[in-house]
Amino acid sequence: FRVNMSGQTISPQGVKLAGSFNGFSTTATPMAAVGNNVYEATISAVAGSLLTYKFVNGNTFELISNTCGIDDGAGNINRFVNVPSTNT
């Protein structure tokens, strides 16, 4: 996963990836700065599964519009990816 944080003030707590694969934890999956305000994290996932996720700046989840994600049934909009059978 990669996110471009240009134009954002990065929290001293850093950027993290939260999702269905880690209980939407704001601390479980830190993202590494790779240059030019881009952060990345790699996870393992089962081919064919649907992962939902959000990026986290410090302890603050990103806000996602309905056009960019799916509703989790509780009114929260999350990004999603259908995990392919090859590394992506």
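Side notes on the structure shown:
- Accessible area expressed per residue, region 9-88, with surrounding protein chains retained (probe 1.4 Å, Å²): 61 Å²
- Derived scalar couplings ³J(HN,Hα) [region 57-70; Karplus, 6.51 cos²θ - 1.76 cosθ + 1.60; whole Hz; x for Gly, Pro]: 10, x, 10, 9, 6, 5, 9, 10, 7, 4, 6, 10, x, 10
- Solvent accessible area, Å² - Leu50, 1.4 Å probe, full protein context: 90 Å²
- Sulfur and carbon atoms: percent of accessible area, region 5-88 [1.4 Å]: 50 percent
- Gaussian network model of the chain, springs between alpha carbon atoms under 10 Å - residue of Asn59, Asn76, Asn36 with greatest fluctuation: Asn36
- Karplus-derived 3J(HN,Hα), 6.51/-1.76/1.60, for each residue of region 31-41, Hz, glycine and proline x: 10, 9, 6, 10, x, 6, 6, 9, 10, 9, 8
- When the chain is treated as a GNM with alpha-carbon contacts under 10 Å, the residue of Thr52, Thr67, Thr42 showing the greatest mean-square fluctuation is Thr67.
- Cys68-Gln8 pseudo-label distance in nm [points 7 Å out on the Cα-to-Cβ vector]: 0.9 nm
- Distance between the pseudo-spin-label points of Thr42 and Thr86 (7 Å out from Cα toward the beta carbon): 1.7 nm.
The values are calculated or read from the model by the stated rules, or taken from the named source; none is laboratory data. Remember, it's a predicted structure, so these values are computed and weren't measured experimentally. Here the Cβ is made from the backbone with ideal geometry for all residues, glycine too, and neighbour counts use every protein chain on show. Side chains included, ligands, DNA and RNA excluded: accessible areas come from the protein's heavy atoms. Shrake-Rupley method; radii C 1.70, N 1.55, O 1.52, S 1.80 Å.
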